[in-house]
Amino acid sequence: MQIEVKQAKVEWAEDEAVLLSCFEEAKRFVGALKIIDDKLCGGLTHLFETKDFTAKLGQTAVLYPQGRLKFRRIILVGLGKRDEITIERLRRAYGFAGRKLKELKLKSICVQAFESNHPTIKLQESSQAMVEGILLSNYKLSRYKTVEENEKIALEKLTVLKERRKGIGEIKRGVENGEIFSWAANFCRDLANQPGNYLTPTHLAGEADKLARENNLKCRVFSASEIKKLKMNTFLAVASGSKEPPKLIVLEYLPPRRKTNTLALVGKAVTFDAGGLSLKSTENMLEMKGDMMGGAVVISTVTACAKMGLPVHLIGIIPATENLPSGSALKVGDIITSHSGKTIEVLNTDAEGRLILADGLSYARSFKPDAILDIATLTSSIKIALGTVCAGIFGNNQGLKTRMMQAGEVSGERVWEMPLWEEYKEFLKSDLADIKNVGGKPGGAILAAAFLQNFVGELPWIHVDIAGVDFKEKEDSYHSKGATGFGARLLLQFLKDWKKL
Ligand code: BES
Ligand code: ZN
Ligand code: ZN
């Protein structure tokens, strides 16, 4: 995909289509809309008069200039009411527009930059949101069909237009960020949509290694015997039921110049979660090829931070394994000595995410980071608590939680804070070991977080549970059906806004 920012008048555009946006109550057209309306001899005015198009958020209309302009189509997208516009609503509107481009199989389009004098939305941010909306909605699933049903359709060229020179720099920065943010999310979607027989821990490690080479990151992949030497027994216990070997992926990004803090990012990567001996039902297993999304988010976030040259030192830690039942699998009741030295009684092998994260978090501490963040498709309870609209966050540091809430608002990947009062710890007391991995159904997402807290010590820590937001059952605005890639844009925004702790 080629993206260009050009100082030019909209009527000079020569592409297959020009994309324009407008607000609901536009009575009098100004700027590019006025020019187009004049060129079309009042075509836009007429469209509004018919009320076929009222510019409701995400509504689209296609007009044909029939030779009166050099391009063949005008795609109009509604932004809704002017005083209700936010960055996320803008992103969604362009998501709907992007779906229209896909439907029309367009390969090359021009898009008019959003207004430069908006009181609350800066040009850089609106440009980023616009590019994200278009690139995220243009995402196409890799298919495994032997006979391709549709010809390959994807946008190849996008040109952002602005008439005056002022603001071109801001647009360029926004476009660049939008491209990186969308790449990160689409990378996660691609991995999470791949079935378990394709995306194994070995394959995931290969993807991380490839990105590391291309982006100047350090990458080390530990084999099962090396994981054993590190004493990550809990991680190995989860992997023991599977023939596919586990991998511990460690990625490091060192900023080129000044650095603010060192952060450890730990991501759950269970490439298929059958539940182990506590086997899931077929229905509950369906989405479990995507149980590695936290890991994919960490891989893409570390890579994207390197692409942007952010001043944070990052260690990405991704324990990758399958969770399957077999003669060698972890058994219910087993007691394992974890990397931290704490003993864990495993009373449900399907609560495996917290087991591999326990070792991941405790291993992360050995890098002496200033803060630890983990992200995981951890519990179905979080979906019951918050639905499919936002992720749950937990942590021991108010500053980190506030920053994450803000990053959620800006990125549109919203989060909501959940409690972690000490009363919850009671439920995880084991008769035989230091701790048990489950504590009953009520408050399941909180109990999982309370379990993880045992392995971070006093370090500032934040945990993001994305189990409710990992898949979409049907497409909407900038989401396609299937994996959402939720978390990548959230963490990137969080790290882009990072200030020294
Ligand atoms: N991977 C699942 C959580 C999950 C559920 C992710 C639905 C995405 C969608 C996790 O490993 C799991 O099975 N958790 C159990 C824990 C329970 C046994 C305490 C759950 O949430 O049901
Ligand atoms: Zn599970
Ligand atoms: Zn799982």
Exercise. Report, by residue number, each residue of the stretch 298-315 that is of a type in the set (Gly, Ala, Ser) and either surrounded by fewer than 24 Cβ atoms within 10 Å (Cβ to Cβ) or without any contact (Cβ under 8 Å) to a residue 40 or more places away in the chain (or both).
Key: ALA306, GLY309
Exercise. Go through the stretch 416-468 residue by residue and tally those that are out of contact with any Gly (no Cβ under 8 Å at 6 or more places or on another chain), more than 15 Å from ligand 2 (Cβ to nearest atom), in a loop (DSSP other than H, G, I, E, B) and among the hydrophobic types (A, V, I, L, M, F, W, C).
Key: 6
Quiz item: Could you give every pair whose Cβ atoms fall below 8 Å, whose first residue belongs to the stretch 348-372 and is charged (D, E, K, R), and whose second residue is in a helix (DSSP H, G or I) and more than 16 Å from ligand 2 (Cβ to nearest atom), counting only separations of at least 6 or pairs across chains?
Solution: ASP359/ASN233
Self-check item: Unique residue being under 19 Å from VAL438 (Cα atoms) and surrounded by 19 or more Cβ atoms within 10 Å (Cβ to Cβ) when the list is ALA329, ALA371, ALA364
Solution: ALA329
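Looking for whichever is within 24 Å of PHE272 (Cβ to Cβ), more than 16 Å from ligand 2 (Cβ to nearest atom), surrounded by 24 or more Cβ atoms within 10 Å (Cβ to Cβ) and among the β-branched types (Val, Ile, Thr) here; the options are ILE382, ILE344, ILE318, ILE356. Which one fits? Break it down into steps so the answer makes sense when it comes.
Working: ILE382 fails: more than 16 Å from ligand 2 (Cβ to nearest atom); ILE344 fails: more than 16 Å from ligand 2 (Cβ to nearest atom); ILE356 fails: more than 16 Å from ligand 2 (Cβ to nearest atom).
Being within 24 Å of PHE272 (Cβ to Cβ), more than 16 Å from ligand 2 (Cβ to nearest atom), surrounded by 24 or more Cβ atoms within 10 Å (Cβ to Cβ) and among the β-branched types (Val, Ile, Thr) holds for just one of ILE382, ILE344, ILE318, ILE356, which is ILE318.
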Practice problem: Kindly provide the set of residues from the stretch 236-276 that are within 14 Å of ligand 1 (Cβ to nearest atom) and surrounded by fewer than 22 Cβ atoms within 10 Å (Cβ to Cβ), ordered by number. | Solution: GLY275
Practice problem: Working carefully through the options ASP359, ASP350, find the one that is of a type in the set (Asp, Glu), within 16 Å of ligand 3 (Cβ to nearest atom) and in a loop (DSSP other than H, G, I, E, B). | Solution: ASP350
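In the set LYS243, LYS231, LYS210, which member is over 27 Å from LYS342 (Cβ atoms), basic (Lys, Arg) and assigned to a loop (DSSP other than H, G, I, E, B)? Talk me through it step by step, then tell me what you get.
On the way: LYS231 fails: over 27 Å from LYS342 (Cβ atoms); LYS210 fails: assigned to a loop (DSSP other than H, G, I, E, B).
Only one candidate passes the filter, namely LYS243.
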Quiz item: Any chance the stretch 315-327 includes a residue that's assigned to a loop (DSSP other than H, G, I, E, B), in contact with a strand residue (DSSP E or B) (Cβ under 6 Å, 6 or more places away or on another chain) and of a type in the set (Ser, Thr, Tyr)?
Solution: no
Quiz item: Listed residues LYS27, LYS102; which is surrounded by fewer than 17 Cβ atoms within 10 Å (Cβ to Cβ) and not in a strand (DSSP E or B)?
Solution: LYS27
Quiz prompt | Filter result for GLU11 (in a helix (DSSP H, G or I) and among the charged types (D, E, K, R)) | solution = yes
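For SER108, are the conditions met, namely being under 23 Å from the mean Cα position of the chain (by Cα) and either in contact (Cβ under 8 Å) with a residue 40 or more places away in the chain or crowded, with 23+ Cβ neighbours inside 10 Å (or both)?
no
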Quiz item: Inside the stretch 246-267, can you point out the residues that are assigned to a strand (DSSP E or B), within 22 Å of TRP461 (Cβ to Cβ) and not small (Gly, Ala, Ser)?
Solution: LEU248, ILE249, VAL250, LEU251, GLU252, TYR253, THR262, LEU263, LEU265, VAL266
Exercise. State whether one or more residues within the stretch 284-297 are within 17 Å of LEU357 (Cα to Cα), away from ligand 2 (no atom under 15 Å from the Cβ) and without any contact (Cβ under 8 Å) to a residue 12 or more places away in the chain.
Key: no
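Yes or no, residue by residue, for (1) in a helix (DSSP H, G or I); (2) farther than 16 Å from GLY290 by Cα; (3) away from ligand 1 (no atom under 15 Å from the Cβ):
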site: LEU310; (1), (2), (3): no, yes, yes
site: LEU330; (1), (2), (3): no, yes, no
site: SER340; (1), (2), (3): no, yes, yes
site: LYS383; (1), (2), (3): yes, no, no
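From the list VAL175, VAL160, which one is crowded, with 18+ Cβ neighbours inside 10 Å, β-branched (Val, Ile, Thr) and not in a helix (DSSP H, G or I)?
Values: VAL175 fails: not in a helix (DSSP H, G or I).
Residue meeting the stated conditions: VAL160.
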Quiz item: Of all the residues that make up the stretch 76-87, how many are part of a strand (DSSP E or B) and out of contact with any helix residue (DSSP H, G or I) (no Cβ under 6 Å at 6 or more places or on another chain)?
Solution: 2
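Each reported figure results from applying straightforward, stated rules to the coordinates on display, with no laboratory input. Values in this document were obtained by computation on a predicted structure and should not be read as measured data. Methodologically, a virtual Cβ is constructed for each residue, glycine included, from the backbone with ideal geometry; neighbour enumeration extends over all protein chains shown.
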